[in-house]
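First up is the structure itself, then whatever we jot down about it.
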Amino acid sequence: MSNLNLLGGQVIVVSDIYTNELALLSILKDLNAEVIGTYKTVGMLRESDANKPNAIIIDQNITSSYVVLDEVIMGIDNNIKVVFFSDGLWINQENITFIHRAEKLSLIKSYLYLGLTDGYGISPKLTAYTEFSLNGITIMEYFILKEWFLGRSVSDISMRCQKSAKTISLYKRNAMKKLRVNTDYELYLILKGLPVKN
């Protein structure tokens, strides 16, 4: 692997668990990446006066992954590469590399390098979570559809992601438009992988 410094890469790490942060810093050192800052949350990063990095690595265990990803997508420049560590969230989002925390170290290094240089990818352990990989669906819409499909009410979902019930309903309706379905029954069929009769 080539030296990331030669590519002008500057990296920021966002991690809410100190031991995970140390592990990431060690791996990045092995990759010769230049770490220009570490933060506990995406919000703290936004509030800082940090230099604009080429890439951000996010490993948030305490905050909901869906909420963090929504923050990232809404608030980070598309030119900045993002590497996101996850236990099970899988979604195909440009400029974001998803890595499962339980991958072998060699795979973590490979996917980190991929995410920091060439583009984006999804580590092998996350490909098992493709049941909701729907084109055009945003992170928050994905989360709401998954929760709804699992039988949670709008008010339950609202409490889980700290948004109003009205906002949750709006996300769900937007996702339904993208999927070209008009009723909850049709939505259920699509999410179940069954054909919808027109």
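When Glu186 is tested against (1) surrounded by 17 or more Cβ atoms within 10 Å (Cβ to Cβ); (2) within 21 Å of the chain's Cα centre (by Cα); (3) modelled with pLDDT of 80 or more; (4) not β-branched (Val, Ile, Thr), just one condition goes unmet, and that condition is (2). Checking Ile108, Ile58, Ile76 one by one, the residue that is out of contact with any helix residue (DSSP H, G or I) (no Cβ under 6 Å at 6 or more places or on another chain), at pLDDT below 85 and assigned by TED's automatic domain parsing to the domain that holds Ala33 is Ile76 and no other. When the residues of region 28-55 are filtered to those that are more than 20 Å from the chain's Cα centre (by Cα) and under 21 Å from Leu107 (Cα atoms), the one that is surrounded by the fewest Cβ atoms within 10 Å (Cβ to Cβ) is Lys29. Out of everything in region 145-169 that is at pLDDT 90 or above and exposed (fewer than 14 other Cβ atoms within 10 Å of the Cβ), what residue ends up being farthest from Glu71 (Cα to Cα)? Among those residues, the one meeting the criterion is Ser153.
The values are calculated or read from the model by the stated rules, or taken from the named source; none is laboratory data. Note that the structure is a prediction, hence the values are computed from the model and not measured. FYI the Cβ positions are ideal-geometry reconstructions off the backbone, even for glycines, and counts take in every protein chain you see.
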